[in-house]
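Quick notes on the structure that follows.
The values are calculated or read from the model by the stated rules, or taken from the named source; none is laboratory data. Treat the numbers as computed from the prediction; the structure is a model and nothing was measured. Counting neighbours? That spans all protein chains shown, and the Cβs are built from the backbone with ideal geometry, glycine included. Side chains are part of the model used for accessible areas, which takes the heavy atoms of the whole protein and leaves out ligands, DNA and RNA. Shrake-Rupley method; radii C 1.70, N 1.55, O 1.52, S 1.80 Å.
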Amino acid sequence: ATPATVSRAGILFINEADVGWAPFVESWIHTRENEIELANLPGLFDKHIPTALEILHANKLETLVPVTTINMVQTVCYLLEGLLPNLKDKTTAKIEKAFLFACVWAFGGCCSSDKTSDSRTKFSTEWKAAFKNIKYPEAGLVFDYFVPDESSEFVAWSERVPAYSPVGDVQFTSIVVPTADLVRLTYLTELLVHRERPVLFVGGAGTGKTTLVREFLRNMDENFVFSTINMNYYTDSAGLQTQLETPIDKRSGKSYGPPASKKLIYFIDDLNMPFVETYGTQTPIELLRQHADYQSWYDRTDLSLKKTIQDVQYVAAMNHKCGSFYVNPRLQRHFGTFGCQMASDADLTMVYHAILDTHLSNFPNPVQKICNNIVDATITMHKEMCSRFLPSAVKFHYNFTMRDLSSIFQGLCLSSPQYYRTSLSLSRLWLHECARVFSDRLISSTEITRCNDILVDTAKRFLEENPEELFTEPCIFTDFATSTIDDSKAYLAIKDSADLKTVLNDKLAEYNESNPIMNLVLFEQAMEHVARITRIISFPRGNALLIGVGGSGKQSLARLASFICGNLVEQISVTSSYGINDLKEELKELYRKAGVKPAEPLVFLLTDSQIVDERFLVYINDLLASGVIPDLFTKDEYDSIFASLRNAAKAAGIPDTREQMMEFFIERVRTNLHIVLCFSPVGDTLRVRARKFPGLINCTSIDWFHEWPKDALVNVAQYFLEEMDLGTPEVKENISHHMAEVHLSVGVASHDYLEREKRYNYTTPKSFLEQTLLE
């Protein structure tokens, strides 16, 4: 309200502490019809809610996001709406246990558990102490148990986890292994969603929030349809309203909703990412709050038209460590809020053992025997990296999550029983995958050495192999450098660097015959980068973020790697008038090529110099995160695409419904379209972009290009001096070494300059290449 408004109105401030939670509870109890419930519930609220609040406040327990008292009490009521109707033989004892189960998740479900504090464990300890008469099992936390509808005894969630059973030949990215955490959060979601209550999942990157919700929505019955909306820094209320209105139609009068007899669930990912204005508001959040409060919003063109939106509800997810960190309490109060924590070691072991054990079922016995050791070693390595390499303002991408573990096992699943006959071969593949996932993103040679030392120690601890054979260099695996008997592709170790160089030089010569000539000098570091990029883009949904200063070879090596993989490279041509509409047209064409015809793998190469408008990254972020770009195609264009895909969908057993066809199309696009981003680490641009668009880091594999070593500089100089008449070969060699020394000495001087004057002077491979051309 403006000062003018305030001066003309009487202001009545309603304090939450004065009103309290009792009026809401009293109103809610009046909606219950069962006599036993009406007799027991008032006493349970009066008896247990103050105790639960005392546990939170007295122990100063931390939550992932701020949760108001009324929100927690409201969540208790909403969970009871789902729990109480399912109880058989309602007794006072059963109702009380259901009530306490709801209280555990309403008050403790959002407690944090990280390196600095473990409020989740402390809540469990205090809860057990406060409710000794309930007799919770001693082992585990109170979150690990529930009371079945047909019983009054506590049962561990782990007993309700279905066994993992692989379904045919599916992509690695489509594998979901049930865990206790997944089962219990899905159960809570069902309780709320089926009563049209919103749900919000809060957790760091890679904790499985999106996977949990998508798996839940995919298994909903045919009466439900869903629409995914990815928030980002530039999402505004107008753009959000356009996305919200896309899946709904006019019903009658001013009423709008999903198709008749259907209910629509909006899944809003990264809820807290939109730009925070000067006074703390976020316009998309206010639009959602308006709809949550009044079930309506106004038409954008005719402000006199107030649209009533029916049969829709929300499920949301957010990362509390980015964006605005939390959302307006006036919106959040509508949601049941639950925390998604990093999976426990037991859950991680179960998940990845199930995947790897299934993959190794046809391998020789010595290989199968090391399955447990490989899984334990991987989880240990991940924990070591999380504890020793912490994120900072400069190292903002040092965030190791379950995605990294999955990437390692995805690489291990490229092994085949025909070529991996010994435990040593699989152990060396494990070393290679760990190095690719953990080491390739590190920004200094000192840290890479530390990481390799940790990897060696972990391997010695868990793998019973001969160290000399296990740690033999080079340890590089590719699917193109090692020939096989039947000339089929196989992910195998290279014999030595000389063989890899021969293969890559042949591939480069082949590339130059049909494309603009690239004068590349494939020194050892460059060859390693080619192998890394081919590994990334050979995976379905494989996207790469190449970080290095100008002239380090990111684009050239990406082009060569794409050629080796047989992928066509697409790149935008930026002009002075190039804008968002031009980018959308380019993306439309890419979607058609990747998803419709010819539906073959291709690479979209994008450099930071081509991002003339930061809003370009809105579309790139959506493409990386979910593949769904909201306003890319019109309904007619989608109908045309679905008509072209109908035969392929029928052959794949996809039902001919709009939702299933959309999912089939997007899946084909994400499988075939690989994004390769070539960015520079200089300045704050990359860090700011990563904060605004989390998909740039979370949904890509990072390959950091380091300074060229001296032998690389010498090799490049020799290549360019080769055809010059400079006398004897010794003179050419001496000049090459001199040029390398000059370049390195400027780097040392620039470092001293930074130490003394706190100012930067960059020496890049590009400046060295310019030096060679001047010679």
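Across segment 412-469, what is the total count of residues that are hydroxyl-bearing (Ser, Thr, Tyr) and open to solvent by 30 Å² or more (accessible area, probe 1.4 Å)?
Of the residues in segment 412-469, the ones hydroxyl-bearing (Ser, Thr, Tyr) are 415-416, 419-420, 422-423, 425, 427, 439, 444-446, 449, 458.
Adding the requirement that they be open to solvent by 30 Å² or more (accessible area, probe 1.4 Å) leaves 416, 419, 422, 444-446, 449.
Final tally of qualifying residues: 7.
Give, as residue ranges, the helices (runs of 4 or more DSSP H) completely inside segment 679-775 that count at least 1 residues that are under 30 Å from residue 203 (Cα atoms) and open to solvent by less than 50 Å² (accessible area, probe 1.4 Å).
Per the criteria, 685-692, 695-698.
Which pairs have Cβ atoms under 6 Å, sit 6 or more apart or on different chains, and link a residue in segment 57-68 that is under 18 Å from residue 114 (Cα atoms) to one that is of a type in the set (A, V, I, L, M) and outside any loop (DSSP other than H, G, I, E, B)?
Within 6 Å, the pairs are 64/202; 65/202.
Consider residue 317 carefully, then state whether it is surrounded by 16 or more Cβ atoms within 10 Å (Cβ to Cβ), under 21 Å from the mean Cα position of the chain (by Cα) and part of a strand (DSSP E or B). Give the steps one after another, and end with the answer.
Working: surrounded by 16 or more Cβ atoms within 10 Å (Cβ to Cβ): yes; under 21 Å from the mean Cα position of the chain (by Cα): yes; part of a strand (DSSP E or B): yes.
Answer is yes for this residue.
In the set 347, 376, which member is assigned to a helix (DSSP H, G or I), over 30 Å from residue 104 (Cβ atoms) and open to solvent by less than 70 Å² (accessible area, probe 1.4 Å)?
Exactly one residue qualifies, and that residue is 376.
Which count do you get for residues in segment 638-652 that are over 23 Å from residue 266 (Cα atoms) and open to solvent by less than 50 Å² (accessible area, probe 1.4 Å)?
Here the count works out to 4.
In segment 143-185, which residues are in contact (Cβ under 8 Å) with a residue 12 or more places away in the chain, closer than 19 Å to residue 82 by Cβ and either among the aliphatic types (A, V, I, L, M) or open to solvent by 60 Å² or more (accessible area, probe 1.4 Å) (or both)?
If the condition is that a residue be in contact (Cβ under 8 Å) with a residue 12 or more places away in the chain, closer than 19 Å to residue 82 by Cβ and either among the aliphatic types (A, V, I, L, M) or open to solvent by 60 Å² or more (accessible area, probe 1.4 Å) (or both), then 147, 150, 160, 182, 183, 185 are the ones that fit.
Among the listed residues 532, 541, which satisfies the condition of being assigned to a helix (DSSP H, G or I), open to solvent by 20 Å² or more (accessible area, probe 1.4 Å) and within 25 Å of residue 672 (Cβ to Cβ)?
532
Does any residue in segment 641-663 that is under 10 Å from residue 596 (Cβ atoms) come within less than 8 Å, Cβ to Cβ, of a residue that is at pLDDT below 90 six or more places away or on a different chain, and which pairs are these?
Note: pairs meeting the criteria are 642/658; 644/597; 648/599.
Which of (1) over 26 Å from residue 564 (Cβ atoms); (2) modelled with pLDDT of 95 or more; (3) touching a Phe, Trp or Tyr at 6+ places or on another chain (Cβ under 8 Å) does residue 432 not meet, given it meets every other one?
(1)
So, of the residues in segment 626-637 that are open to solvent by 10 Å² or more (accessible area, probe 1.4 Å) and without any contact (Cβ under 8 Å) to a residue 60 or more places away in the chain, which turns out to be farthest from the chain's Cα centre (by Cα)?
Only one residue tops the list, namely 636.
Of all residues in segment 566-625 being open to solvent by less than 30 Å² (accessible area, probe 1.4 Å) and of a type in the set (D, E, K, R), which is nearest to residue 669 (Cα to Cα)?
588
Identify, from the list 227, 237, 296, the residue that is modelled with pLDDT of 90 or more, hydroxyl-bearing (Ser, Thr, Tyr) and touching an Asp or Glu at 6+ places or on another chain (Cβ under 7 Å).
Unique residue meeting the criteria: 237.
Given the options 16, 54, 62, name the one that is at pLDDT below 90, open to solvent by 50 Å² or more (accessible area, probe 1.4 Å) and closer than 19 Å to residue 110 by Cβ.
16
Being polar (S, T, N, Q), touching a Cys at 6+ places or on another chain (Cβ under 7 Å), under 17 Å from residue 701 (Cβ atoms) and in contact (Cβ under 8 Å) with a residue 40 or more places away in the chain, is that true of even one residue in segment 531-542?
Taking every residue of segment 531-542 in turn, at least one turns out to be polar (S, T, N, Q), touching a Cys at 6+ places or on another chain (Cβ under 7 Å), under 17 Å from residue 701 (Cβ atoms) and in contact (Cβ under 8 Å) with a residue 40 or more places away in the chain.
From the residues in segment 74-94 that are in contact with a helix residue (DSSP H, G or I) (Cβ under 6 Å, 6 or more places away or on another chain) and farther than 25 Å from residue 339 by Cα, which one is most open to solvent (accessible area, probe 1.4 Å)?
92
Report, by residue number, each residue of segment 544-553 that is part of a loop (DSSP other than H, G, I, E, B) and out of contact with any Phe, Trp or Tyr (no Cβ under 8 Å at 6 or more places or on another chain).
Correct list: 550 only.
Could you list all residues from segment 324-344 that are open to solvent by less than 50 Å² (accessible area, probe 1.4 Å) and more than 20 Å from residue 188 (Cβ to Cβ)?
Correct list: 324, 328.
Quickly run through segment 110-135 and pick out the residues that are of a type in the set (Ser, Thr, Tyr) and either without any contact (Cβ under 8 Å) to a residue 12 or more places away in the chain or open to solvent by less than 30 Å² (accessible area, probe 1.4 Å) (or both). First the steps, then the outcome.
From segment 110-135, those of a type in the set (Ser, Thr, Tyr) are 112-113, 116-117, 119, 121, 124-125; that's our starting set.
Once the filter is applied, which keeps residues that are of a type in the set (Ser, Thr, Tyr) and either without any contact (Cβ under 8 Å) to a residue 12 or more places away in the chain or open to solvent by less than 30 Å² (accessible area, probe 1.4 Å) (or both), segment 110-135 yields 112, 116, 117, 119, 124, 125.
Take the residues of segment 414-452 that are in contact with a strand residue (DSSP E or B) (Cβ under 9 Å, 6 or more places away or on another chain) and among the acidic types (Asp, Glu): which is nearest to residue 371 (Cα to Cα)?
Within segment 414-452, the match that is nearest to residue 371 (Cα to Cα) is 433.
Give the number of residues within segment 23-38 that are out of contact with any Pro (no Cβ under 9 Å at 6 or more places or on another chain) and exposed (fewer than 13 other Cβ atoms within 10 Å of the Cβ). Please lay out each step first, then the result.
Initial filter on segment 23-38 (out of contact with any Pro (no Cβ under 9 Å at 6 or more places or on another chain)): 23-24, 27-28, 30-33, 35-38.
Right, trim to exposed (fewer than 13 other Cβ atoms within 10 Å of the Cβ) and you get 23, 27, 30-31, 33, 35, 38.
The total comes to 7.
Give the residues of segment 554-594 that are touching a strand residue (DSSP E or B) at 6+ places or on another chain (Cβ under 7 Å), part of a helix (DSSP H, G or I) and charged (D, E, K, R), sorted by residue number.
Scanning segment 554-594 gives 554, 559, 593.
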